[in-house]
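One structure is given below, encoded as structure tokens.
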Amino acid sequence: GENVEQHPSTLSVQEGDSAVIKCTYSDSASNYFPWYKQELGKRPQLIIDIRSNVGEKKDQRIAVTLNKTAKHFSLHITETQPEDSAVYFCAARPNSGNTPLVFGKGTRLSVIA
Amino acid sequence: DARVTQTPRDKVTEMGQEVTMRCQPILGHNTVFWYRQTMMQGLELLAYFRNRAPLDDSGMPKDRFSAEMPDATLATLKIQPSEPRDSAVYFCASGTRDSTDTQYFGPGTRLTVL
């Protein structure tokens, strides 16, 4: 089955710097890769996603890149702000439809003002 | 802005008691997932349903956990009897089998078993 590895587990950056979180997946049939942000005591919320027919997607300060050959995808946050501090989860879905997402273990991002 | 809802938001109970958690998926979503989140294990998939039918509950301890969907607007997760190691946040998520493939999470039920 699919296995998703996420690195680093914790990340501290200065406000205004960029943050990068990386994930690898094992199942080459996976075709959907969302990223969730979870603030303390809150639900995981989808912030951006990418499909296997796209190499990069941007939404304001966040971007996701996908390398299907290497089976890895990354989240990039530019000009980080204190409100970006949260736990970020990557996920991968093998095939589509019936199969649930497989999540990474999460990255705790701290943005230091 | 449609959202998944869960009740209760917090539950404190004593070991051995029955606990029932409820979830209302987003209207029109036909897939419901139950996750458990702890500091040590991250997000664990317990079970999921498609069109109210259970597709996989291999993540659940079968002797004490049960999950059902009595109708399309209600999913339940029951623990009987509860144990201290069941203390965690339980999330419900819903989604559709369409081009988005996205799962949307509810606010979670924080369960503490004393």
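The values are calculated or read from the model by the stated rules, or taken from the named source; none is laboratory data. Here the structure is a predicted model, which is why all the values come from computation and not from measurement. Here the Cβ is made from the backbone with ideal geometry for all residues, glycine too, and neighbour counts use every protein chain on show. Areas reflect the complete protein model, heavy atoms only, side chains present, ligands, DNA and RNA absent. Shrake-Rupley method; radii C 1.70, N 1.55, O 1.52, S 1.80 Å.
Selection among A:91, A:112, A:31 by position relative to the dipole of chain A gives A:31 as farthest towards the positive end (Cβ unit charges, Cα centre). Accessible surface for chain B, divided over its residues, is 50 Å² per residue with a 1.4 Å probe. Mean per-residue shielding of peptide A:29-41 is 2, counting Cβ atoms of other chains within 10 Å of each Cβ. Rounded to the nearest 20 debye, the dipole size of the protein assembly as shown about its Cα centre is 200 debye, using +1 on the Cβ of Lys and Arg and -1 on the Cβ of Asp and Glu. Every Cα-Cα pair in the protein assembly as shown was counted, and those over 30 Å apart are 25% of them. Burial of accessible area (probe 1.4 Å, heavy atoms of protein chains only) in the range B:65-112, relative to its chain alone, reaches at least 30 Å² for B:91, B:97, B:101, B:102, B:103, B:105, B:107.
Of the GluC sites (Glu not before Pro) found in the range A:13-113, the ones in coil according to DSSP and having at most 13 other Cβ atoms within 10 Å of their Cβ are A:15, A:39, A:79. Relative to the Cα centre, the charge distribution of the range A:4-61, modelled as +1 at Lys and Arg Cβ and -1 at Asp and Glu Cβ, gives a dipole magnitude of about 180 debye. Computed from protein heavy atoms with a 1.4 Å probe, the total accessible area buried between B and A is close to 1900 Å². Roughly what percent of Cα-Cα pairs across chain A reach past 25 Å? The proportion of pairs with Cα distances above 25 Å equals 17 percent. In a reduced charge model with +1 at each Lys and Arg Cβ and -1 at each Asp and Glu Cβ, chain B shows a dipole moment near 100 debye about its Cα centre. Packing around the peptides B:45-53, A:6-14, taken as the average count of other Cβ atoms within 10 Å per residue, puts them in this order, highest first: B:45-53, A:6-14. When the solvent-accessible area of the range B:1-55 is split by element, carbon and sulfur atoms take up 48 percent of it, the probe being 1.4 Å. Extent along the principal axes, Cα only, for chain B: 42, 27, 26 Å, with the longest axis given first.
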